[in-house]
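Engineer: What follows is a single structure, and I will ask about it in a moment.
Laboratory data are not the source of any read-out in this text; all were calculated from the coordinates shown. No experiment lies behind these values; they were computed from the predicted model shown. Positions of Cβ are generated from backbone atoms using ideal geometry, with glycine treated the same way; all protein chains shown enter the neighbour counts.
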Amino acid sequence: MTHRPVKRAPDNITFSEIEQIASEEIACLDLFERMRFPTGLRCAACGAAEAAGHRFTRHRSRPGLFTCGGCRRQFTITSGTAMHRTRMPLGQWLRAIWLIIASSKGISARNLSEMLGVTYKVAWHLGHRIRAMMTDESVVLSGVVEMDEVYAGAPPRKPHGGGPSGGRSGRSPRRPLVLTMAERGGPVVFQRIVSHSINAIQNASHNRISADAVVSTDALPAYRKAVAGRSHITVKHSAGEFVRCDAGGAGIDAHTNTAEAVHAEIRRAVIGVWHWISQKHLDRYLDEISWRHNRRKVGHLRRIAAVLFAAGRPLPVRALVNNGVA
Ligand SMILES: [Zn+2]
């Protein structure tokens, strides 16, 4: 039997290819250098760049360490990233990031621990440090933007014998409420809100939706005032209506199908993969879902580079854990 390679996008990479690179530290460093400095080394301290003719020293005795030709300061390929001063082999970072960015529904800490051969606690922490770099804080939505709310935590456990606090329906106040904003054919943004009030919806949405967008929601009265000033079209779910054709003119239909499809992604991840997520870490899980959704057409290598080298500072253990794991 012959094995023919599967056709894939040129910017994608398979786990077996990741495994080959991850098994050699030097290959990881080489990949990271090409990701971080695609046009040659650049010093973060003084701005000197190889591309502008500055000479950098590559230290043979310690691959990944460079001395800047401009200011003579030393830096490494991991300086200023979450991997800075990490004790974990770079190959483990690479494997973990691939598993998280390439899995369509996310991956549980237990699975990550089994795949990487590390303890649950190490896997849990690694997952959160990677998740912390998956943020899209500056995304502003335009075009047709659907807005809808969802309860994003796992359903509350039923107490023995039922009772008035027994979570009669899905609208228990103990479950965190999230406002979903989804641009049709574009990115999504999640914002936690404390209630369905006009203020809460307005505060969560006014910076994330451009002024000329057409906003499509269901007929919840708070939306009308919360999006005042923008074009607004509605569909009346309570009357059994799911699409109001051409409500916005120019062939724009009022519906919230895009937002609802994203809610299904949240449910699959929260219930199917993570099983239960604490309110404390909910934002980070939501960031992971929206980050991956917003890059669904971007290849693996660019996603890995975005996680490692586009975002902020390393997340220390103490920022994650106050009272033990979870
Ligand atoms: Zn420099």
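Engineer: For the chain, report the % of Cα-Cα distances exceeding 34 Å.
Structural biologist: 37
Engineer: With θ set to phi - 60°, apply the Karplus curve 6.51 cos²θ - 1.76 cosθ + 1.60 along segment 189-201 and write out the HN-Hα couplings as whole Hz, x wherever there is a Gly or Pro.
Structural biologist: With the stated coefficients, segment 189-201 comes to 9, 10, 9, 6, 10, 7, 7, 8, 6, 4, 4, 4, 5 Hz.
Engineer: A further question on this structure: So in the chain, which Cys have no other cysteine's beta-carbon sitting under 4.7 angstrom from theirs?
Structural biologist: Isolated Cys, the chain: Cys28, Cys245.
Engineer: GNM on the chain, C-alpha springs below 10 Å: top fluctuator among Arg292, Arg267, Arg58?
Structural biologist: Arg58
Engineer: Stokes-Einstein at 10 °C, 1.306 mPa s, Kirkwood radius from Cα pairs: D for segment 210-319 in µm² s⁻¹?
Structural biologist: Here the translational diffusion coefficient equals 93 µm²/s.
Engineer: What list of whole percents do you get for P(r) of segment 95-144, with Cα-Cα distances grouped in 10 Å bins up to the one holding the largest distance?
Structural biologist: Taking all Cα pairs of segment 95-144, the binned fractions are 24, 46, 18, 10, 2 percent.
Engineer: Quickly work out the His84-to-Arg224 label distance, labels modelled 7 Å from Cα along the C-beta direction, and quote it in nm with one decimal.
Structural biologist: In this crude spin-label approximation the distance works out to 5.2 nm.
Engineer: Give me the percent relative contact order of segment 40-84, please, defined on Cα pairs under 8 angstrom at least 6 residues apart.
Structural biologist: Relative contact order comes out at 27 percent.
Engineer: Of Thr180, Thr39, Pro221, which is farthest on the positive side of the dipole of the chain, counting Cα position, with +1 on Lys and Arg Cβ, -1 on Asp and Glu Cβ, and the Cα centre as origin?
Structural biologist: Projecting each Cα onto the dipole axis, the largest value belongs to Thr39.
Engineer: Could you point to the residue in Ile201, Gly64, Ala247 farthest towards the positive end of the chain's charge dipole, with +1 and -1 charges on the Cβ of Lys/Arg and Asp/Glu respectively?
Structural biologist: Checking the options against the dipole of the chain, the answer is Gly64.
Engineer: Moving on to the next point. At 222 nm, what value in deg cm²/dmol follows for the chain if DSSP H runs of at least 4 each add -39500 (n - 2.57) and the sum is divided by all its residues, to the nearest 500?
Structural biologist: -9500 deg cm²/dmol
Engineer: Let me ask you something else. Please determine, in degrees from 0 to 90 and to the nearest 10, the orientation of helix 257-267 with respect to the longest principal axis defined by the Cα atoms of the chain, where the helix direction is its Cα long axis.
Structural biologist: Tilt relative to the chain: about 60 degrees.
Engineer: Among Ala259, Ala269, Ala219, which one shows the biggest mean-square fluctuation in a GNM of the chain, springs joining Cα atoms closer than 10 Å?
Structural biologist: Taking springs between Cα atoms under 10 Å, the residue moving most is Ala219.
Engineer: Using only Cα atoms, what is the ratio of the radius of gyration of segment 1-152 to 2.2 N^0.38 Å?
Structural biologist: Normalised Rg, Cα atoms only: 1.29.
Engineer: A further question on this structure: Give the calculated FRET efficiency between Phe242 and Ser138 to the nearest 0.05, with a Förster radius of 45 Å applied to their Cβ-Cβ distance.
Structural biologist: 0.85
Engineer: Where does each of 113-120, 280-287 land if you order them by average Cβ count within 10 Å, highest first?
Structural biologist: Sorting 113-120, 280-287 by mean packing, highest first, produces 280-287, 113-120.
Engineer: While we're here: On a 0 to 90° scale, report how tilted helix 300-309 is relative to the longest principal axis of the chain, with both axes built from alpha carbons and the result rounded to the nearest 10.
Structural biologist: It is inclined by approximately 80 degrees.
Engineer: Right, another one. Before anything else, pin down the relative contact order of the chain: Cα pairs under 8 Å, at least 6 apart, normalised by residue count, whole percent.
Structural biologist: 21 percent.
Engineer: Enumerate the aspartates and glutamates that Lys225 could reach by cross-link, defined here as Cα to Cα under 19 Å, with residues fewer than 8 away along the same chain left out.
Structural biologist: Reachable aspartates and glutamates: Glu146, Asp148, Glu149, Asp212.
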